[in-house]
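Single-structure report; data block below.
The values are calculated or read from the model by the stated rules, or taken from the named source; none is laboratory data. Quantities reported herein were computed from a predicted structural model and do not represent experimental measurements. Note that each Cβ is placed from the backbone with ideal geometry, even for glycine, and that neighbours are counted across all protein chains shown. For the accessible areas, the whole protein counts, side chains as well, though only heavy atoms, and no ligand, DNA or RNA atoms are used. Shrake-Rupley method; radii C 1.70, N 1.55, O 1.52, S 1.80 Å.
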Amino acid sequence: MAEARASHILIKHEGSRRKASWKDPDGRVISATTREAAAARLQSLREEIVSGRAKFADLASVHSDCSSAKRGGDLGKFGRGQMQKPFEDATFALGVGEISGLVDTDSGVHIILRAA
């Protein structure tokens, strides 16, 4: 398959390449967040989604450090070579409707929902 469509929730941390986001323009919170804390927060969000207590898009719009938060985390369609490799590999490995485990990239820690 040449293209995928996915949404994600990104939690940035002290090791992220850009320590700023729409929620934290100065990067103060991000710079003080360890990778472990980011991963723990993301894991608890994932559990809320998988258990049915929350919708992926609702949590993405509040918690994601990516500007895609305003679209419920939707990144639209993309092909191979357009995303960071760990993100791309995780997305293409998912079946439609599946949610990834935690995925680390230079941007931070993600969970990914494959939409198409």
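If you average the sequence gap of Cα pairs under 8 Å that are 6 or more apart and divide by the length of the chain, what percent do you get for the contact order? Show your work: numbers first, answer last.
Working: 219 pairs, mean separation 46.3, N = 116.
Here the relative contact order equals 40 percent.
Taken one residue at a time, the phi angles of region 65-71 give Karplus couplings (6.51, -1.76, 1.60, θ = phi - 60°) of 7, 8, 5, 5, 3, 5, 10 Hz. Gly and Pro are set to x. In the chain, taking the dipole from charged Cβ atoms about the Cα centre, the farthest positive-side position among ALA32, GLY81, ILE111 is held by GLY81. Highest GNM mean-square fluctuation among PHE92, PHE56, PHE78, for the chain modelled with Cα contacts below 10 Å: PHE78. Can you tell me which of GLU14, GLU47, GLU88 moves the most in a GNM of the chain? Springs connect C-alpha atoms under 10 Å apart. Evaluated over the chain, the most mobile residue of the options is GLU47.
Bridgeable aspartates and glutamates around LYS70 (alpha carbons under 13 Å apart, same-chain partners fewer than 8 residues away excluded): ASP58. Using a probe radius of 1.4 angstrom, the carbon and sulfur fraction of the accessible surface of the chain is 51%. The charge dipole of region 25-74, taken about its Cα centre with unit charges on the Cβ atoms of Lys, Arg (+1), Asp and Glu (-1) only, comes to about 40 debye. Given a 1.4 Å probe and the protein chains as shown, HIS110 ends up with an accessible area of around 10 Å².
Residues whose amide H falls under 5 Å from that of THR105, counting only those 5 or more places apart or on a different chain, are HIS110, with hydrogens built in the peptide plane.
Could you identify which residue out of ALA32, ALA20, ALA57 has the top mean-square fluctuation in a GNM of the chain using Cα springs shorter than 10 Å? For the chain, modelled as a Gaussian network with Cα springs under 10 Å, the answer is ALA32.
Give me the dipole magnitude in Debye, nearest 20, for region 3-54 about the Cα centre, with unit charges on the beta carbon: positive for Lys and Arg, negative for Asp and Glu. Intermediate values should be presented prior to the final figure.
Numbers: 11 positive and 7 negative charges, 26 e Å.
With only Lys, Arg, Asp and Glu charged at Cβ, the dipole is about 120 debye.
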